[in-house]
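What follows is a set of notes on a single structure, which appears directly below.
The values are calculated or read from the model by the stated rules, or taken from the named source; none is laboratory data. Since we're looking at a predicted model, the values are computed, not measured. Glycine also receives a Cβ, built like all others from the backbone with ideal geometry; neighbour counts cover every protein chain displayed.
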């Protein structure tokens, strides 16, 4: 079990769901992970929901814009990376070929954020903490434990993120896939997998992993709640995992960890 009081530069710190239907997403995630909900309201952003588990913030949720809802855009999870200076990081990312989706903005006293798409098109969010550091509980059931990038060009992605965050990379020995673990200050921080032809036209995407008590039971519950299974439960070195799509279209991975630490 890990309780967090501070994140270092380059470390994943938060995940956030953007959904076209707050009520439906509330119902699904509160029942699937027994997350509690704490609402706040902003004049510009509207209702923002903080998911908590055992009193600790673990994730967030906001409503999709009306323009995107009219287009039928599915829900999506976003991964946030903690940075010391979001404005400076955005300038550096842009120089490295990223597209800036949202320029740095202040989120009241909580912190400062920006959103960018890397040179391959994967969207990532940046967070400079103020009063809100991000998730205060990770690596235990019903909380964030991993973030993974599926990319169409893993060498290009490694170059971009290495230059931007000074990440290090360690290749997996699995001969069936091209997979790299991400290291930040020599500590495991996520992964990257190269997309093959089997992925079809799927765009590059960061996907969060949620640790659960029992992968198979969680998947059965998710199906009953309206989710689709993209990949059946399978055993890997860290544990047993499965990829699902929630009822509103957001991709998510759940995993039972053998060694959460």
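Below is a table of values for the structure above.
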{"item": "Tally of residues being assigned to a loop (DSSP other than H, G, I, E, B) and crowded, with 19+ Cβ neighbours inside 10 Å across the stretch 12-29", "result": "1"}
{"item": "Some residue of the stretch 250-260 being in a strand (DSSP E or B) and within 19 Å of residue 176 (Cβ to Cβ)", "result": "yes"}
{"item": "Unique match (being surrounded by fewer than 21 Cβ atoms within 10 Å (Cβ to Cβ), closer than 30 Å to residue 164 by Cα and at pLDDT 95 or above) among 81, 4, 100", "result": "100"}
{"item": "Qualifying residue in the stretch 165-182 (condition: under 19 Å from residue 15 (Cβ atoms), part of a strand (DSSP E or B) and either more than 20 Å from the chain's Cα centre (by Cα) or at pLDDT below 95 (or both))", "result": "no"}
{"item": "Condition check for residue 125: within 24 Å of residue 5 (Cα to Cα), at pLDDT 95 or above, buried (at least 18 other Cβ atoms within 10 Å of the Cβ) and touching a helix residue (DSSP H, G or I) at 6+ places or on another chain (Cβ under 9 Å)", "result": "no"}
{"item": "Spans of strands (runs of 3 or more DSSP E) in the stretch 89-152 with at least 3 residues within 20 Å of residue 184 (Cβ to Cβ) and not assigned by TED's automatic domain parsing to the domain that holds residue 191", "result": "111-117, 123-129"}
{"item": "Cβ-Cβ under 6 Å pairs, at least 6 apart or on other chains, the stretch 30-55 side in a loop (DSSP other than H, G, I, E, B), far side surrounded by 13 or more Cβ atoms within 10 Å (Cβ to Cβ) and at pLDDT 95 or above", "result": "35/29; 35/51; 35/53"}
{"item": "Test: residue 240 is surrounded by fewer than 16 Cβ atoms within 10 Å (Cβ to Cβ), at pLDDT 95 or above and either in contact with a strand residue (DSSP E or B) (Cβ under 6 Å, 6 or more places away or on another chain) or not assigned by TED's automatic domain parsing to the domain that holds residue 116 (or both)", "result": "no"}
{"item": "Residues being loosely packed, with under 14 Cβ neighbours inside 10 Å, at pLDDT 95 or above and part of a strand (DSSP E or B) - total across the stretch 187-223", "result": "0"}
